[in-house]
Amino acid sequence: MSAPKAPPLRGDLTQGPLLKTLILFAVPQMIGNVLQNLNGSINAVWIGQLLGDAALAATANANIIMFLLFALVFGFGMAATVRIGQAWGRQDVVAARRALGTAIGLTTGIAMVTTVGGIVFAPQLLDWLATPGASRGEALAYLRVVFIANPLATITTMIAMGLRGAGDAGTPLRFMILTSVIDVALNPLLILGFGPIPPLGIAGSAWATVIATAIGLIGLLAFIYARDLPLRLRGAELAWLKPRRDELAFILGKGLPMGTQMLVISGAGVIMIGLVNREGLVLAAAYGALLQIWNYMGMPAMAIGAAVSAMVAQHIGAAREARVDAISRAGSAANLLMTGALTVVLLLFDGPLLRLFLGADSPSVAAALHVQDLAIWTYLPFGITIVLFGTLRAYGVVWTQIAVLLTSMYLVRYGCYYLLHPHLGADALWYSLLVSSFLSMLLTLAAYLYAPWRRPMLQRVAAGG
């Protein structure tokens, strides 16, 4: 007589209706993404209003450096999410804890080294970015303090991504809310000073981030151990914080290209800003305002893509790969629904929103409305690309995505731009965006349906059936 099947683990994403499970899991991640963006926007308002344009430019330069470090951590975190998700799917809690321990140990070590190096070599980093002289002093003060938050933020990010791999999106959201609220509240108090604390200027904004991140991490750890959540490490398990060779090989091998994907996308965005700037101040201001709005357009796809990756990883571990295609379809449908709804809302209310950023009488408003009508549609096909990337990532397929992005976002996008610009002028930018976005989707669909990774999957499904 066979042993009774173990009950599903808490956070098991292989149970229940796919679309409902996916949306319920993705929504907390999307709320978290919105909170992070709002947190940065509100802090930028505090700095700009209280300290002026030079201080705001200083934080922008410092944040570029921090983003490069985050891209690396994000890649390792996604690799750990996949590893933990596969272990969770086969109900192997010990393997999930080992993977999380290795991920935390690896990234904390990297964060400590980069923090010390960043504090020491901050002047050289700012020189490398050609930081304007008017902002350099403030950028240096801000960067040296905010680097202190780097190890704390790294540990928090790895724990949050590990929890999501285990199907728990709610716990990270709780403490992201706590961190964001504290950060926003402390910014003006520490910038201007209060009680016995003197005015700290731009360094006060950085210290607000350090304090908020520390409180958020302490609260997250306290919650995990008070609730005895399955991924906590106790006693001898703490030795797993020393990276294991087998876990390290997976996280490094998959995490580096996953982080590279973010850098590839960011690099294309930097080039785009440079091309827009060539068209003059009116279009540059219009594009800057649109970016503030478009930041939210990509959030459904990012959240759903991460959710799809965790769900597929769990299904792989549970040997239920017959549902993988259905998960990918559900994720694509959810993305079209959410991103489509956002598109409709923005097209209905883009005038008032743009005037909020640009001013009612700005000539950039008309330019921004024109660009919006052409370019906003890029988010629908590119969202499907990101969702399918989530499935491919769960199978360890990572270099294919980089090839797709390099082809569509560099070769095709800028090839189209230079071909069309003599005939269409600045509109060539937006048509090239549309072409590259649709090509990304088509190339990703081809990789999803026909690439070599798929044949072993189908063979396993047939064998299981």
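The values are calculated or read from the model by the stated rules, or taken from the named source; none is laboratory data. This one's a predicted model, so the numbers in the text were calculated from it and none came from an experiment. Cβ atoms come from the backbone with ideal geometry, glycine included; neighbour counts cover every protein chain shown. The protein model used for the area step is the full one, side chains on, heavy atoms only, and it has no ligands, DNA or RNA in it. Shrake-Rupley method; radii C 1.70, N 1.55, O 1.52, S 1.80 Å.
Quick one: ranking Phe121, Phe194, Phe382 by accessible area, 1.4 Å probe, largest first, what do you get?
Phe121, Phe194, Phe382
Direction-averaged shadow area of the convex hull around the Cα atoms of region 279-346, nm²?
Details: hull surface 22.7 nm².
So the mean shadow area of the Cα hull is 5.7 nm².
Can you check what the net charge comes to around Pro243, using other residues whose Cβ is under 15 Å from the Cβ of Pro243 (Lys, Arg +1; Asp, Glu -1)?
+4
Count charges around Val365 for me, please; just the other residues with Cβ under 10 Å from its Cβ, Lys/Arg as +1, Asp/Glu as -1.
Numbers: positive: Arg355; negative: Asp350, Asp361.
My count for the surroundings of Val365 gives -1.
Largest first and to the nearest Å, give the Cα extent of region 57-202 along each principal axis.
56, 36, 21
Is region 328-421 rounded, prolate or oblate when judged by the Cα gyration tensor, a ≥ b ≥ c being the square roots of its eigenvalues, rounded requiring a/c under 1.5 and prolate requiring a/b larger than b/c?
It is oblate, given that a/c is not under 1.5 and a/b is not larger than b/c.
When Lys and Arg each count +1 and Asp and Glu each count -1, what net charge do the other residues less than 15 Å away from Ile376, Cβ to Cβ, add up to? Don't jump to the answer; show the numbers that get you there.
Values: positive: none; negative: Asp350, Asp373, Asp427.
Charge balance in the 15 Å sphere: -3.
Rank these residues by their accessible area, most exposed first, probe 1.4 Å: Lys242, Lys254, Lys20.
Lys242, Lys20, Lys254
I'm checking a number: the convex hull volume of the Cα atoms of the chain, normalised per residue, in Å³. What is it?
For the chain, the hull spanned by Cα atoms encloses 158 Å³ per residue.
Taking region 240-281, how much of its Cα-Cα pair set, in percent, is spaced more than 12 angstrom apart?
68 percent
Cα atoms only, region 240-317: Rg and Dmax in Å?
18.5, 55
Name the shape class, rounded, prolate or oblate, that the alpha-carbon gyration tensor gives for region 119-262, where a ≥ b ≥ c are the square roots of its eigenvalues, rounded holds for a/c under 1.5, and otherwise prolate holds if a/b is larger than b/c and oblate otherwise.
Cα axes put region 119-262 in the oblate bin.
For the residue pair Met112 and Arg227, what label-to-label distance in nm results when each label sits 7 Å from Cα along the Cα-to-beta-carbon direction?
Between Met112 and Arg227, the label points sit 2.9 nm apart.
Given a 1.4 Å probe and the protein chains all in place, what does the accessible area of Met302 round to, in Å² to the nearest 10?
100 Å²
Binning at 5 angstrom from zero up to the longest distance, how are the C-alpha pair distances of region 317-360 distributed in percent?
In whole percents, the pair-distance histogram is 5, 19, 13, 14, 10, 10, 8, 7, 6, 5, 2, 0.
Heavy atoms only, 1.4 Å probe, whole protein assembly: order Thr339, Thr21 by accessible area, highest first.
From most accessible down to least: Thr21, Thr339.
How much accessible area does Thr115 have with a 1.4 Å probe, in Å² rounded to the nearest 10?
Approximately 20 Å² for this residue.
How much accessible area does Tyr431 have with a 1.4 Å probe, in Å² rounded to the nearest 10?
90 Å²
To one decimal place, what orientation-averaged projected area in nm² is obtained for the convex hull of the Cα set of region 75-128?
4.0 nm²
At what distance in angstrom do the alpha carbon centres of region 391-447 and region 199-218 lie from each other?
So the separation of the two Cα centres works out to 39 Å.
In whole angstrom, and with the biggest value first, how far do the Cα coordinates of region 265-416 range along each principal axis?
60, 32, 19
Thinking of region 413-453 as a set of Cα atoms, what percent of all their pairs are more than 14 Å apart?
Looking at region 413-453, the distances longer than 14 Å represent 51 percent of pairs.
Hey, what D do you get for region 367-465 in µm²/s if you plug the Kirkwood alpha-carbon radius into Stokes-Einstein at 37 °C and 0.692 mPa s? Don't skip to the end; give the middle numbers.
On the way: Rh = 14.9 Å.
The diffusion coefficient I find is 221 µm²/s.
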